[in-house]
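Engineer: Submitted below is the structure of interest, expressed as C-alpha cells.
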Amino acid sequence: MDIYERMTELGIELPPAPPPVGLFLPARQVGSLLFASGQGSFYKDHRIEGKVGADVTLEDARLGARYCMLNMLASLDAHLGDLNRILRVVKLLAFVSSAPDFCRQPDVVNGASQLLIDLWGEEGRHARSAIAVNTLPSNLSVEIEAIFELDTSRLSEKPLERKGSVCL
C-alpha cells in the first residue's frame, strides 16, 4: 500500500520538516539502512515540555512520542523524496525526560511505535530502547532517533542538483 494513502486513511498530516538545530544531518544513508537523527516532542505550534511524571502526564508524553515520529517522517520525506522507499522500521532509540520516580518510559514510547505499526503493519514493528534522562534539549519531554531499511531498488523522485562534477 502507498504510505501516503495510508496516512490519508488515518487522518495523518505531516508537519513541515523541522530544520536541524545543530551541526548534524537529519538523516544519513549507509547501504540500505537510513539512520534518522533525533526528533523532539512538538507538532507545529504544540510542544510537550518538562519531566514526565512531574510536569507531563503519561498520556501527554505518549502524544509527544507520536509528535517525534511525525517530525521524523516529515524530515525523511524531505530527505528521501518518497516515504514509500522505506521497507521497514529497524530500531528506535527513545529518550524520555523523567521525574526521578517515573519508570514507564516504554509506555511513553508506545506512542511512536503504534504510529509506525499503524502505517507499515508488521514491517513497522521494530527493536527499541527507551531510556530515562534528566533533561532534553529545549526542555522537550521526548526525543527519538531511528533506523529504517530502504528499498534501494527505488530511486528517489527528488532530482539531484549538480555543482560541477559533484551531485548534492
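Engineer: Could you work out which residue, out of Ser32, Ser153, Ser75, moves most in a Gaussian network model of the chain, that is, has the largest mean-square fluctuation with Cα springs under 10 Å?
Structural biologist: Ser153
Engineer: Rounding to the nearest 20 debye, state how big the charge dipole of the chain is about its Cα centre with +1 on each Lys and Arg Cβ and -1 on each Asp and Glu Cβ. Walk me through the numbers before you get to the answer.
Structural biologist: Values: 17 positive and 22 negative charges, 106 e Å.
Once rounded to the nearest 20, the dipole reads 520 debye.
Engineer: In the full protein assembly as shown, how much of Tyr43 is accessible to a 1.4 Å probe, in Å² to the nearest 10?
Structural biologist: In the full protein context, Tyr43 sits at about 50 Å².
Engineer: Determine the share of the chain's accessible area contributed by carbon and sulfur atoms, expressed in whole percent, with a 1.4 angstrom probe. Walk me through the intermediate numbers first.
Structural biologist: Working: 4720 of 8930 Å².
Whole-percent figure for carbon plus sulfur exposure: 53.
Engineer: So, one more: With the contact rule set at Cα under 8 Å and sequence spacing of 6 or more, what percent relative contact order holds for region 83-158? Please report the intermediate quantities before stating the final value.
Structural biologist: Details: 117 pairs, mean separation 39.9, N = 76.
Relative contact order for region 83-158 comes out at 53 percent.
Engineer: In region 1-100, which trypsin sites (Lys or Arg not before Pro) are in a loop and have at most 12 other Cβ atoms within 10 Å, using DSSP for the loop call? Each step should come with its number before you reach the end.
Structural biologist: Details: sites: Arg6, Arg28, Lys44, Arg47, Lys51, Arg62, Arg66, Arg85, Arg88, Lys91; in loops: Lys44, Lys51.
Answer by residue number: Lys44.
Engineer: Would you list the membrane-span-like helices of the chain, meaning whole DSSP H runs whose alpha-carbon atoms span at least 24 Å along their axis and whose mean Kyte-Doolittle value is at least -1.0? Show your work: numbers first, answer last.
Structural biologist: Details: long enough: 58-80 (33 Å, 0.33).
The qualifying helices are 58-80.
Engineer: Kindly provide the GluC sites (Glu not before Pro) of region 1-94 that DSSP labels as loop, not H, G, I, E or B, and whose Cβ sees at most 11 other Cβ atoms within 10 Å.
Structural biologist: Numbers: sites: Glu5, Glu9, Glu13, Glu49, Glu59; in loops: Glu13.
Counting only loop positions with at most 11 other Cβ atoms within 10 Å, the GluC sites (Glu not before Pro) in region 1-94 are Glu13.
Engineer: Give the relative contact order (percent, whole number) for the chain; include only Cα pairs under 8 Å separated by 6+ residues. Numbers along the way, then the final one.
Structural biologist: Working: 330 pairs, mean separation 51.3, N = 168.
Worked out over the chain, it gives 31 percent.
Engineer: Mind checking which of His46, His126, His79 has the largest fluctuation in a GNM of the chain, springs on alpha carbons under 10 Å?
Structural biologist: Comparing His46, His126, His79 in the GNM, the peak value goes to His46.
Engineer: Consider all pairwise Cα distances in region 1-142 and report the whole-number % of them above 27 Å. Write out the running numbers ahead of the final one.
Structural biologist: On the way: 1712 of 10011 pairs.
For region 1-142, the fraction of Cα-Cα distances above 27 Å is 17 percent.
Engineer: Along the charge dipole of the chain, pointing to its positive end and built from +1/-1 on Cβ of Lys, Arg, Asp and Glu, which listed residue (Gly22, Thr8, Ile117) has its Cα farthest out?
Structural biologist: Gly22
Engineer: So, taking all protein chains as they sit and a 1.4 Å probe, how much accessible area belongs to Val90, in Å² rounded to tens?
Structural biologist: Looks like 50 Å² after rounding.
Engineer: If I build a Gaussian network model for the chain, linking alpha-carbon pairs within less than 10 angstrom, which residue out of Asn84, Asn71, Asn134 has the largest mean-square fluctuation?
Structural biologist: Asn134
Engineer: Taking 7 Å along the Cα-to-C-beta vector as the label spot, tell me the Asn84-Glu59 distance in nanometres, rounded to one decimal.
Structural biologist: The answer from the label model is 3.8 nm.
Engineer: Between region 8-65 and region 69-130, what's the alpha-carbon centroid distance in Å?
Structural biologist: 9
The values are calculated or read from the model by the stated rules, or taken from the named source; none is laboratory data. Nothing here was measured: the structure is a model prediction, and the numbers come from that model. With ideal geometry, Cβ positions are generated from the backbone for all residues, glycine too; neighbour counts draw on all protein chains shown. What goes into the accessible areas is simple: the full protein's heavy atoms, side chains included, and nothing from ligands, DNA or RNA. Shrake-Rupley method; radii C 1.70, N 1.55, O 1.52, S 1.80 Å.
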